[in-house]
Structure formats: C-alpha cells, structure tokens
1. Nearest 20 debye, what's the magnitude of the dipole of the chain about its Cα centre given +1 on Lys and Arg Cβ and -1 on Asp and Glu Cβ?
2. I need the phi-derived Karplus couplings for the stretch 59-66: 6.51 cos²θ - 1.76 cosθ + 1.60, θ = phi - 60°, integer Hz, Gly and Pro marked x.
3. Using θ = phi - 60° and the Karplus form 6.51 cos²θ - 1.76 cosθ + 1.60, what ³J(HN,Hα) does each residue of the stretch 75-89 get, whole Hz, x for Gly and Pro?
4. Could you give the length gained by full extension between Leu223 and Gln76, i.e. 0.36 nm per residue of separation minus their alpha carbon distance, to one decimal place?
5. Contour minus end-to-end for Phe100 and Gln47, with contour as 0.36 nm per residue of separation and end-to-end as the Cα-Cα distance?
6. What are the aspartates and glutamates whose alpha-carbon lies under 16 Å from the alpha-carbon of Lys166, with same-chain residues fewer than 8 places away excluded?
7. Once you compute Rg and the Kirkwood Rh from C-alpha atoms, what is the Rg to Rh ratio for the stretch 2-201?
8. Could you give the length gained by full extension between Ser183 and Leu24, i.e. 0.36 nm per residue of separation minus their alpha carbon distance, to one decimal place?
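The numbers here are math on the coordinates, done by the rules we state, and not lab data. The model shown is predicted, which means the values in this text are computed figures rather than measured ones. Positions of Cβ are generated from backbone atoms using ideal geometry, with glycine treated the same way; all protein chains shown enter the neighbour counts.
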Amino acid sequence: MFLVGLTGGIASGKSSVLQIFQQLGCAVVDVDVIARHVIQPGYPAHQRIVEAFGTEVLLENGDINRKVLGDLIFKQPDQRQLLNAITHPEIRKEMIKETFKYFLQGHRYVILDIPLLFETRKLLKYMKRTIVVYCNRDTQLARLMKRNGLSLEDAEARVQAQLPLKDKVRMASHVLDNSGEWSNTRRQAILLHIQLERSLEYLPLRLGVLVGLAGIASLLYLLARCLLPSPP
Ligand SMILES: CC(C)(COP(=O)(O)OP(=O)(O)OC[C@H]1O[C@@H](n2cnc3c(N)ncnc32)[C@H](O)[C@@H]1O)[C@@H](O)C(=O)NCCC(=O)NCCS
Ligand SMILES: Nc1ncnc2c1ncn2[C@@H]1O[C@H](COP(=O)(O)OP(=O)(O)OP(=O)(O)O)[C@@H](O)[C@H]1O
C-alpha cells in the first residue's frame with residue numbers, strides 16, 4: 001500500500017474530488033470529517049478548547065460553535081496555532097487508525113484529504129504522491145463566499161490563513177484543475193485514479209510484510225522444534 005496526500009486551498013474542491021475517488025472504490029480518509037469528530041463533547045480536545053478559548057465558543061447544547069471559533073482563528077494567527085496544537089495530535093491518531101484499517105483490507109493506495117499537508121509538513125514524508133486541487137483565486141473566493149455565506153473580507157481572511165495555492169501547485173506531484181466545469185475535473189480525477197491503480201508502488205510494503213510474516217513463522221517453527229520433545 002502507498003499513501004497519496006490530497007490537498008489544496010480552502011474551498012478549492014478537495015472534498016468534491018475526494019468523493020469521486022470514493023465513488024471509484026478507493027480507500028479515502030477525510031481529515032475535515034475527523035477534525036469535526038475529535039472536538040465533539042466528551043473528547044479530550046473539546047475540553048481543552050473550552051479551557052483555551054472559554055465558554056463563548058460553545059453552543060447551548062455544548063457543541064463547539066464553529067462559526068465563532070472560525071471567526072476567531074482565521075483572523076488571529078496565534079489563536080490558530082493554539083487550536084492547531086490542541087486538535088492536530090488528536091486528528092493524527094484517528095488518521096493512523098483509519099489508514100491502518102485500509103492497509104489490513106489490502107488496498108493498493110489510500111487517499112488522505114489533508115487541507116494543511118504543506119503547511120504543517122508533519123505528514124508529508126509519508127506521502128508517496130501528492131495531489132493539489134487547484135482553482136483560480138477569484139473562483140475560490142466566489143465558491144467560499146457562496147458556500148459559507150461569508151463577506152469578501154472574511155473569505156479573504158480564510159484564504160490567507162493558508163499557504164498560497166500557487167505555491168502548493170509547485171510542490172505537488174499531480175495537479176487537478178477545478179477552475180472550470182465539474183465534468184472536466186471528474187475526467188482528470190478518473191485518469192489519475194487509473195494511473196495510481198497501475199502503479200507498482202504498493203509492492204515494497206506488501207512484500208516487506210510478507211517477508212516479515214514468513215520470518216515470524218520460521219522462528220515459531222524452529223522454537224516449536226526446540227521446545228517440543230522429538231518423537232521416539
Ligand atoms: C475552525 C473550525 C471550527 C471552523 O469550522 P468550519 O466548519 O467553518 O470549517 P471546516 O472545519 O469545514 O474547515 C474548512 C476548511 O478550512 C480550512 N481550515 C480549517 N482549519 C484550519 C486551520 N487551523 N488553519 C488553516 N486552515 C484551516 C481547511 O481548508 C478546511 O478544509 C474548524 O475548521 C476546526 O476545528 N479547525 C481546526 C482543525 C484543523 O486544523 N482542521 C484542518 C484540517 S487539519
Ligand atoms: N467545478 C465546480 N464547479 C462549481 N462548483 C464547485 C466545483 N467544485 C466545487 N464546487 C463547489 O465549491 C464549494 C467548495 O468545494 P469543496 O467543499 O469540495 O471544497 P473543499 O476544498 O473541500 O473546501 P474546504 O477547504 O472548506 O473543506 C462547494 O460548495 C462545491 O459544491
């Protein structure tokens with residue numbers, strides 16, 4: 001198995017592209033979904049967020065008020081770092097669990113949608129390939145304002161909380177241009193999936209595991225022969 005990191009800018013179309021890969025039967029991990037999960041009431045990150053940001057970031061039912069917390073962290077880099085320090089370790093633990101599950105199921109590759117892959121860089125070394133979902137800045141802002149009901153100023157603050165998309169494009173091994181029609185993006189994603197499915201990059205890890213298992217089996221066999229009495 002090998003890992004493919006999918007990233008891009010806010011509202012550039014990562015989740016939409018991830019859905020295509022999922023429909024094609026790929027193993028996918030969505031970090032935004034995990035990020036929502038680990039800050040639910042009862043999870044350690046929830047308590048730490050309340051300790052750090054106060055009860056003002058809570059809704060009446062105890063859930064995190066995403067709008068209030070978002071407005072806070074997208075405009076203040078120090079607050080953003082604080083939230084990242086609380087949430088990212090919890091997110092990474094869940095990602096590892098989900099990825100390992102796919103490994104056991106025998107998938108050739110797993111696509112992980114990691115919005116901040118190039119910003120935090122912690123997981124970059126584990127990615128055999130990286131995909132950036134790109135769209136031009138005006139389209140990005142327009143889609144973000146429409147989807148989240150944001151003003152231009154708030155949308156720009158969110159875009160600026162991340163590395164410029166053009167820089168991410170330069171660092172990627174594959175780029176999917178999602179500036180145009182949806183059908184066009186879909187075509188690009190399908191072609192990339194075919195390419196990834198044909199890749200032999202899954203073999204080293206699979207062979208490594210097989211060799212390891214064979215080694216353990218041989219050891220157990222030798223041990224059994226030494227310990228068990230030999231037949232008369
Ligand atoms: C601040 C929160 C509550 C805002 O929630 P909201 O529903 O408005 O946004 P959502 O979670 O859907 O995220 C949308 C996008 O915002 C961007 N984004 C989210 N968090 C961050 C961050 N800390 N820094 C930069 N960009 C971010 C990503 O592109 C993400 O895909 C939420 O994003 C959050 O808990 N963020 C911290 C966890 C995190 O870093 N997530 C990003 C993936 S590691
Ligand atoms: N090719 C497209 N044409 C028109 N609208 C699109 C296209 N691609 C995505 N969108 C719309 O743009 C918005 C952002 O897309 P999406 O949620 O997939 O982005 P994202 O990168 O996952 O966002 P985030 O960073 O916030 O998680 C959505 O409302 C989606 O429906």
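1. Its charge dipole is roughly 840 debye.
2. 3J(HN,Hα) across the stretch 59-66, in whole Hz: 7, 4, 7, x, 5, 6, 7, 5.
3. Each residue of the stretch 75-89 in turn: 9, 10, x, 5, 5, 5, 4, 4, 5, 4, 5, 7, 8, 4, x Hz.
4. 46.8 nm
5. Separation in residues times 0.36 nm, less the Cα-Cα distance, equals 16.3 nm.
6. Candidates past the 8-residue exclusion: Glu119, Asp138, Glu156, Asp177.
7. 0.97
8. 55.7 nm
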